[in-house]
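Nothing in this text is a laboratory measurement; each read-out follows from the coordinates by a stated rule. Computed from a predicted structure; not experimentally measured. When we count neighbours, we look across all protein chains shown, and the Cβ atoms used for this are built from the backbone with ideal geometry, even at glycine.
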Amino acid sequence: MNRKQMHGTYIVEFAFVGLLVFTLLFGVLEMGRLYFTVNALDEAARRGARLAAVCNISDPVILRRAIFNAATDSGTSQLISSLATSNLVLTYLDVDGAVVANPGDTSGSTGFRAIRYVQLSLQNFVFNLFIPGLGVPITLPTFRATLPRESLGRHSDSGEITPC
């Protein structure tokens with residue numbers, strides 16, 4: 001056979017090998033994106049719990065800063081475009097792990113004084129694949145961080161509230 005007859009064979013071989021190589025390439029890129037997203041979501045939960053442990057209970061900045069935004073930016077996350085504060089659930093827990101019903105109540109023993117732990121959950125986050133033809137959304141599991149309370153934004157001596 002001469003080179004002119006083999007030209008079509010090279011194109012067909014490249015089509016098969018190229019399909020395999022590009023599928024592997026997109027798969028590796030998607031796995032890297034997924035790994036990055038899972039780590040960023042885990043860090044957002046930890047970061048939010050830490051901020052909630054040291055910041056005032058009623059401070060809206062906690063959830064904004066947890067998703068890697070500036071304190072004044074109330075939109076979706078700067079780091080992960082589909083992450084919003086609506087994915088976050090902040091709860092205050094007592095010594096037994098039960099939810100404190102009214103954490104802002106400073107008068108009784110069932111409110112502010114009962115708080116022993118701070119828990120932030122990141123729920124219902126959907127990861128969308130960029131692979132052409134496989135645009136399957138993946139709902140990631142709940143990310144949760146629980147930390148012991150610290151100052152909750154108050155000075156122990158004066159009870160004065162400090163901003164975060």
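Assorted remarks:
- Gain upon complete extension [Val12, Ser86; 0.36 nm per residue less C-alpha separation]: 21.6 nm
- Listing Phe130, Phe125, Phe26 from fewest to most neighbouring C-beta atoms within 10 Å gives Phe130, Phe26, Phe125.
- The charge dipole of region 1-119, taken about its Cα centre with unit charges on the Cβ atoms of Lys, Arg (+1), Asp and Glu (-1) only, comes to about 400 debye.
- Result for the chain in a Gaussian network model with C-alpha springs under 10 Å: among Arg33, Arg64, Arg149, the largest mean-square fluctuation is at Arg33.
- Highest-MSF residue in the chain out of Leu20, Leu90, Leu51 [GNM, Cα springs under 10 Å]: Leu20
- The ranking of Ser121, Ser109, Ser151 from fewest to most other beta carbons within 10 Å of each one's beta carbon is Ser109, Ser151, Ser121.
- Computed over region 60-125, the percent of Cα pairs more than 19 Å apart is 43.
- With Cα atoms, 0 to 90° folded angle of helix 3-54 axis to the chain main axis: 0
- Short-range pairs are left out: with C-alpha atoms under 8 Å and at least six residues apart, the relative contact order of the chain is 24 percent.
- Geometric extent, Cα atoms of region 1-114 - Rg, Dmax (angstrom): 26.0, 94
- Among Ala70, Ala45, Ala53: highest mean-square fluctuation, GNM of the chain, C-alpha pairs under 10 Å: Ala70
- Nitroxide proxy distance, nm - points 7 Å out along Cα→Cβ at Tyr35 and Glu150: 3.1
- Ascending count of other beta-carbon atoms within 10 Å, so fewest first, for Tyr92, Tyr117: Tyr117, Tyr92
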